[in-house]
Amino acid sequence: MSERTRPGGLTALAVINIVFCGSGLLGVLGMAALFALMGKMADEVPEKSRQQFEALQKMGGPRLVFMFGLSLVTSVLLLLSGIGYLKQKRVLGRLVGNSYAVIAVVSSLVRVFLFAPELGGGFTIGTIIGLVYPVLTLVLLNTTFKDDLAN
């Protein structure tokens, strides 16, 4: 039985997923720290950041926890799909990768329409990256690398 070789593009996709996972987990840690310090640092927020801090407080816990959960889920899915790409597994690579991509697109849109107006943001470069990479992942997994993730 001959061993299949993994395409370089699939390996690159795996590495990018793992790097984005690390970045996402750092963001999750930052959000956890923000939750922990939010009540304690209300009096110490610099004047230039006061408006954003007050907007975060107004948004309330449930919406922030929801975004925290989405960030954590997408980070874990990035790691698992990256491992699946490296091992060329259909479920761990293709299915989890597609799941990540759909959740990431929804997460980006939720961020733009539900959170950005209150924080003075909107459609930013982060939003573009948050939409382009998952869409690219969907296209590549379901066309170019479809047959490479078959076992």
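Condition check: under 20 Å from G24 (Cβ atoms), out of contact with any Asp or Glu (no Cβ under 9 Å at 6 or more places or on another chain) and modelled with pLDDT under 95. Does G120 satisfy that? Talk me through it step by step, then tell me what you get.
Values: under 20 Å from G24 (Cβ atoms): no; out of contact with any Asp or Glu (no Cβ under 9 Å at 6 or more places or on another chain): yes; modelled with pLDDT under 95: yes.
Considered against the rule, which asks whether it is under 20 Å from G24 (Cβ atoms), out of contact with any Asp or Glu (no Cβ under 9 Å at 6 or more places or on another chain) and modelled with pLDDT under 95, G120 comes out as no.
Among G97, G69, which is out of contact with any helix residue (DSSP H, G or I) (no Cβ under 8 Å at 6 or more places or on another chain) and not hydroxyl-bearing (S, T, Y)?
Values: G97 fails: out of contact with any helix residue (DSSP H, G or I) (no Cβ under 8 Å at 6 or more places or on another chain).
The match here is G69.
From the list L138, L86, L80, which residue is within 15 Å of L13 (Cβ to Cβ) and more than 17 Å from the chain's Cα centre (by Cα)? Show your work before the answer.
Values: L138 fails: more than 17 Å from the chain's Cα centre (by Cα); L80 fails: more than 17 Å from the chain's Cα centre (by Cα).
Going through L138, L86, L80 in turn, the sole match is L86.
Please identify the pairs in which a residue from region 114-139 that is farther than 29 Å from R94 by Cα and among the basic types (K, R) has its Cβ atom under 8 Å from the Cβ atom of a residue that is modelled with pLDDT under 80 and part of a helix (DSSP H, G or I), counting only partners at least 6 apart or on another chain.
none
Can you tell me which residues in region 89-110 are of a type in the set (A, V, I, L, M, F, W, C) and closer than 22 Å to A12 by Cα?
Selection gives V91, L92, L95, V96, A101, V102, I103, A104, V105.
The values are calculated or read from the model by the stated rules, or taken from the named source; none is laboratory data. If you're wondering where the values come from, they're calculated on a predicted model, not measured in any experiment. All Cβ positions, even for glycine, are placed from backbone atoms using ideal geometry, and neighbour counts span all protein chains on display.
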